[in-house]
1. Which whole-Hz ³J(HN,Hα) couplings does segment 221-229 yield from phi under the Karplus relation 6.51 cos²θ - 1.76 cosθ + 1.60, θ = phi - 60°, glycine and proline marked x?
2. Determine, for each peptide in 37-49, 89-101, 73-85, the mean count of other beta carbons within 10 angstrom over its residues, then list the peptides with the highest first.
3. Pull up all non-local amide H partners of C205: gap of 5 or more, or a different chain, and H-to-H distance under 5 Å with H placed in the peptide plane.
4. Kirkwood Rh, Cα Rg: Rg to Rh for the chain?
5. Could you list which residues have their amide H under 5 Å from that of F60, counting only those 5 or more apart in sequence or on another chain, with H placed in the peptide plane?
6. Could you size up the charge dipole of segment 131-186 around its Cα centre, putting +1 on the beta carbon of Lys and Arg and -1 on that of Asp and Glu, and report it in debye to the nearest 20?
7. Loop only by DSSP, 13 or fewer other Cβ within 10 Å of the Cβ. Give me the trypsin sites (Lys or Arg not before Pro) in segment 132-165 that pass, ordered by residue number.
8. Amide H of A92: which non-local residues (sequence gap of 5 or more, or other chain) have their own amide H closer than 5 Å, using H built in the peptide plane?
Amino acid sequence: MTLVDSHCHLDDPKFDEDREQVIERARAAGVERMMAIGTGNGPPDLEVAVRQAERYPFIFATIGVHPHDASKATPETFARLRELAQHPKVLAVGEIGLDYHYDFSPRDVQRTVFERQLELAAEAAKPIVIHTREAWEDTVAVLRAGWRGSGIMHCFTGDVRQANEALELGFHLSFGGVLTFPKAEAVREAARTVPDDRLLVETDCPYLAPAPHRGKRNEPAFVVETVHRLAEVRGRTPDEIAAMTTGNFERLCLG
C-alpha cells in the first residue's frame, strides 16, 4: 500500500525527541510522501516546512500564515511568501482561512490576510490548503469572491451540504482521524458522496489521532487507520483508497 499524508505538522515540538523515528515509521507503513504544513508559529518564521522538505526527498512543503497568526503578518511577510512560493518543493499555500473558534486574531484581520494569500497563490499558480473552523459561511464567501484555482479542504469535518459546496468550488476534500470517531456519522456520510477523483487523506499530526490511537499523539503512519475506515465507508478496499488518494495528490500538487 502506497500512501500520501497530505497534511502533517512535522515541525511540532511534540516530535522533537523522536522525529527521525516518526518519519521512519511512516515510511515503513507505506507513506511514500508527506506534505509538511508551513504555518508553524507564524511570522516571521515562514520556512518551517521548507526546512523539512530540504532534508528529505519524500517530504514536500506548504507556506502560509494560519488565521491564528494573521495579526503577525506584515508587508515583509507577504514579500517573503512570494519568494518562497518559487521554491521547487513548495507545493501549495496553506493552511490559510478563517478560525472563529478561538479568535486569536481579529476576524477582519483574518479575512484580509486570507484574501492577500489567495492573491499570492493565484500569482504563483499554486493550490491552497484551507483551514476553516466555525467560519464555514464566511470562508465560502471569500472563496467564491476571490478564488478560481484548485485546493484542499483540510481535515474536512462538514456534512454533505458543505461537501457539495466545496466540490462546486473545485476543491478536494481531505479526511483525517475524525472520520474514525464514533459520533462522526455526518462526516462519514459526506465521505461517501465525494467523487473518487476529489478524495485525499491526512493526519494533521500531531493532532486528531484516529481510532484506536485517539487521545495520543498522532503521526503520519496512522493515516493507515483513516484509509481503512474510509475504505469501509465507501465499500472499497484499502489498497483502492490508497491508490486513489495517492493519484489525486500527485495530480493536484505535483502536476
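Here, each number is a calculation from the coordinates, and none is a lab measurement. Bear in mind that the values here come from a model prediction, so they are computed numbers and not experimental data. So basically every Cβ, Gly included, is an ideal-geometry build from the backbone, and we count neighbours across all protein chains shown.
1. Each residue's phi maps through the Karplus curve to give 4, 6, 4, 4, 5, 5, 4, 5, 5 Hz.
2. Values: 37-49: 21.2, 89-101: 23.3, 73-85: 15.7.
Packing order, densest peptide first, comes out as 89-101, 37-49, 73-85.
3. H9
4. Result for the chain is an Rg/Rh of 0.93.
5. Long-range HN contacts for F60: M34, M35, A36.
6. Using only the charged Cβ atoms, the result is roughly 140 debye.
7. R148
8. So A92 has HN proximity to I63.
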